[in-house]
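Structure first, commentary second.
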Amino acid sequence: MLLSDIPWNGQGCYRDSEHPSDLYEYNYVRITKRADGSFFYDFSFVESYIALMKEYGAQDVMLTGLYGIWLDEKEGFVKIVEDWPDPIRVSYLDEESGRLCFMRERAQIEDYFRAIYRWIKEFGLQEHCFLMGDEVDLGWASQGWTAMLETLHRLMPDVRMCWDNTPKSITEGIYREERIDLYTPQIESLAAAEGDLLQSVRERIRPGGKFLWSVCCVPPLMNSFLYTDLCEVRLHGLITERLGADGFVRWNFTVWPDRPRDTLIYNDWPAGDTCLVYPGKGGQCLKSLRYLALRRGIEDIELAQMVKKTVPDAEGVLSQALHCVLREYDLSKWDFDDYFGREKYFSLDAGDYEAAGNILIDALLEQRGENNAV
């Protein structure tokens, strides 16, 4: 849920002159500066969007765009609020002049943050939202992050936060004492951290929090590009179980370039990275084969969760199912950049995935039969 303008610089769409697209990000909050100089914040569009999400089963909301803002000074994406620690961009309609302007004073940004905090409380969203900033532990992505973190804690105390730092980063420096409500690191950093380091991070996740793995543009393995084998997309489900995670995060679903049904080529990213579905008529989405394979993977992880809840030898059953599809069980030995060597790590045979699913189903049916007999 975007709460500022252009936090990701339009994903660099201005760089791709061969495939022009408008991928700029816009604030869901409509802001007006009144003639008396005060600001009015209209959250109705945000609330309507959240209501739509709930209709489709969403329980939590990520609030993005408040920090971790990207810079590209060469192309004009510069810091415009000089005394604010992050290069945030918040536009508003000036009622008096009729112009679209940007906030340029610290007091204005603080007023906006306080308004968001009040809205979170009044809308009853505190237990169902997370503040999310992208790649805050990378120096080039966000300047003045320590001061920004202090500002967030001051203006939005007790609002839950999402972290995508590597396991090593989240245990060091300013992050060491931070609570973890939602943890979403990329899969290769998780696989490399298996053991005590990862366990120490898990122990810091608060009750009710979530631990997810993520992918974004990279790596070549455990992704869902057009060139990705559909078995690998389905593996998203069981790899979640192998990591002991609650789920996973993909950076987008419908970030469509201008002509997505003609070509998904965009910048130098792998084709298909920007979306999992295609635009259809009447606002409907056309499902891709990758989407359908992912849905099968979600069914696999749901079966795995049912096994853990009901089957006495759940660990043995899950291990048997995982060994059907994993060639290398120790994920720390995976090279996630080794696309052409992927069969060293996991199966590309659809029959192996059916076998894994059947192991889970059979265990559930057997347990159900025993319960009925009793």
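The values are calculated or read from the model by the stated rules, or taken from the named source; none is laboratory data. A quick note: this is a predicted structure, and the numbers were derived from the prediction, not measured. For neighbour counting, all protein chains shown are included, and Cβ atoms are generated from backbone atoms with ideal geometry for every residue, glycine included.
Observations on the structure shown:
- Selected residue (only one of G237, G316 is part of a helix (DSSP H, G or I) and farther than 29 Å from T64 by Cα): G316
- Where a residue in the stretch 339-359 is under 12 Å from L326 (Cα atoms) and its partner, wherever it lies, is part of a helix (DSSP H, G or I) and aliphatic (A, V, I, L, M), with Cβ under 7 Å and at least six apart: F346/L235; F346/V325; S347/V325; D352/V325; Y353/V325; A356/L238; A356/A321; A356/V325
- Residue within the stretch 281-298 that is assigned to a helix (DSSP H, G or I), over 26 Å from the mean Cα position of the chain (by Cα) and hydrophobic (A, V, I, L, M, F, W, C) present: no
- Residue, surrounded by the most Cβ atoms within 10 Å (Cβ to Cβ), within the stretch 4-57, restricted to residues that are in contact with a Lys or Arg (Cβ under 8 Å, 6 or more places away or on another chain) and closer than 16 Å to G76 by Cα: P7
- Residue in the stretch 121-128 that is under 30 Å from L238 (Cα atoms) and surrounded by fewer than 19 Cβ atoms within 10 Å (Cβ to Cβ) present: yes
- Complete set of residues in the stretch 7-41 that are within 25 Å of G133 (Cα to Cα), of a type in the set (G, A, S) and without any contact (Cβ under 8 Å) to a residue 40 or more places away in the chain: G10
- Note on the stretch 168-182: residues that are hydrophobic (A, V, I, L, M, F, W, C) and under 18 Å from G195 (Cα atoms) amount to 1.
- If the condition is being assigned to a helix (DSSP H, G or I) and in contact (Cβ under 8 Å) with a residue 60 or more places away in the chain, then the stretch 54-81 contributes only E75.
- If you filter the stretch 296-331 down to residues that are without any contact (Cβ under 8 Å) to a residue 60 or more places away in the chain and among the small types (G, A, S), you find that the one that is surrounded by the fewest Cβ atoms within 10 Å (Cβ to Cβ) is G316.
- Residue that is surrounded by the fewest Cβ atoms within 10 Å (Cβ to Cβ), among those in the stretch 170-188 that are among the charged types (D, E, K, R) and without any contact (Cβ under 8 Å) to a residue 40 or more places away in the chain: E177
- Of all residue pairs spaced 6 or more apart or on separate chains, those with beta-carbon atoms under 8 Å, a first member in the stretch 189-208 that is within 17 Å of K333 (Cβ to Cβ) and outside any helix (DSSP H, G or I) and a second member that is modelled with pLDDT of 90 or more and charged (D, E, K, R) are E194/D330.
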